[in-house]
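Asker: One structure, as structure tokens, below. Some questions next.
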Amino acid sequence: MYCHDDNTTAQDGVSAPTALDCTLKQITTTKFQLQKEYGLGKTALPTVGRPKRLLKKPQSGTAVIAVAGVVVTTGFTVDYTTGEVTFAVAPSGAVTGGCRFDIPCAFSAAFDVSALERGLRDVAGITLVEVLNP
């Protein structure tokens with residue numbers, strides 16, 4: 001699903017992503033997971049901190065990566081089906097990045113569709129549920 005007001009790692013949710021948007025989650029010394037951290041630059045909420053969304057469906061070709069604050073364009077690959085960034089050699093510094101992303105969703109139940117006229121349908125009672133591990 002494409003969300004019109006939350007589709008990029010930029011803090012406003014809509015601006016172009018940058019390589020410094022979010023710290024990537026380290027999986028191994030050479031593998032990192034794209035993620036979005038909400039509320040950067042603001043005081044963390046006492047009960048939840050700053051929520052993070054693991055990005056499993058980054059939009060193809062939109063990822064930008066930095067190591068120790070310097071944008072890198074080689075020495076890594078991005079798997080756009082999982083959101084994993086893999087370096088050929090372990091990076092020496094914090095890995096950050098950004099991208100545009102889709103949010104995997106499913107319908108929560110069956111729903112009714114009524115034909116209003118040719119090419120126009122009315123759909124009632126749709127509830128989408130985010131798929132956390134697509």
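Asker: Amide H to amide H under 5 Å from VAL131: which residues, 5+ apart in sequence or cross-chain, H placed 1.01 Å off N in plane?
Answerer: Those lying under 5 Å, H to H, from VAL131 are CYS105, ALA106.
Asker: How many angstrom lie between the C-alpha centres of segment 73-134 and segment 52-70?
Answerer: 13
Asker: Let me ask something additional. By how many nm would the segment from VAL123 to GLN11 grow when fully extended, if each residue of separation counts as 0.36 nm and the alpha-carbon distance is taken off?
Answerer: On the way: separation 112, 0.36 × 112 = 40.32 nm, distance 3.25 nm.
Length gained between VAL123 and GLN11: 37.1 nm.
Asker: Accessible area per residue, 1.4 Å probe, Å², for the chain: what's the number?
Answerer: I get 61 Å² per residue for this part.
Asker: Inverting the mean 1/r over all pairs of different Cα atoms, compute the Kirkwood radius of segment 1-128 and quote it in Å. The partial results should precede the final answer.
Answerer: Values: mean 1/r = 0.0612 Å⁻¹.
Answer for segment 1-128: a Kirkwood hydrodynamic radius of 16.3 Å.
Asker: Compute, for the chain, the length of the dipole vector about the Cα centre, with Cβ point charges of +1 (Lys, Arg) and -1 (Asp, Glu) only. Units Debye, rounded to 20. Display every interim value, and only then the final one.
Answerer: Details: 12 positive and 12 negative charges, 76 e Å.
Dipole size: approximately 360 debye.
Asker: Please list, in order along segment 102-112, the HN-Hα scalar couplings obtained from phi with the Karplus expression 6.51 cos²θ - 1.76 cosθ + 1.60 (θ = phi - 60°), rounded to whole Hz, x for Gly and Pro.
Answerer: 9, 10, x, 9, 9, 6, 7, 6, 5, 9, 9
Asker: Projecting each Cα onto the charge dipole of the chain (Lys/Arg +1, Asp/Glu -1 at the beta carbon, about the Cα centre), which of VAL95, THR62, THR82 comes out farthest on the positive side?
Answerer: About the Cα centre, the residue reaching furthest to the positive side is VAL95.
The values are calculated or read from the model by the stated rules, or taken from the named source; none is laboratory data. What you see is a predicted model, and the numbers here were worked out from it, not measured in a lab. A quick note on method: Cβ atoms are made from the backbone with ideal geometry, for glycine too, and the neighbour counts reach across all protein chains shown. Accessible surface areas use protein heavy atoms only, side chains included; no ligands, DNA or RNA. Shrake-Rupley method; radii C 1.70, N 1.55, O 1.52, S 1.80 Å.
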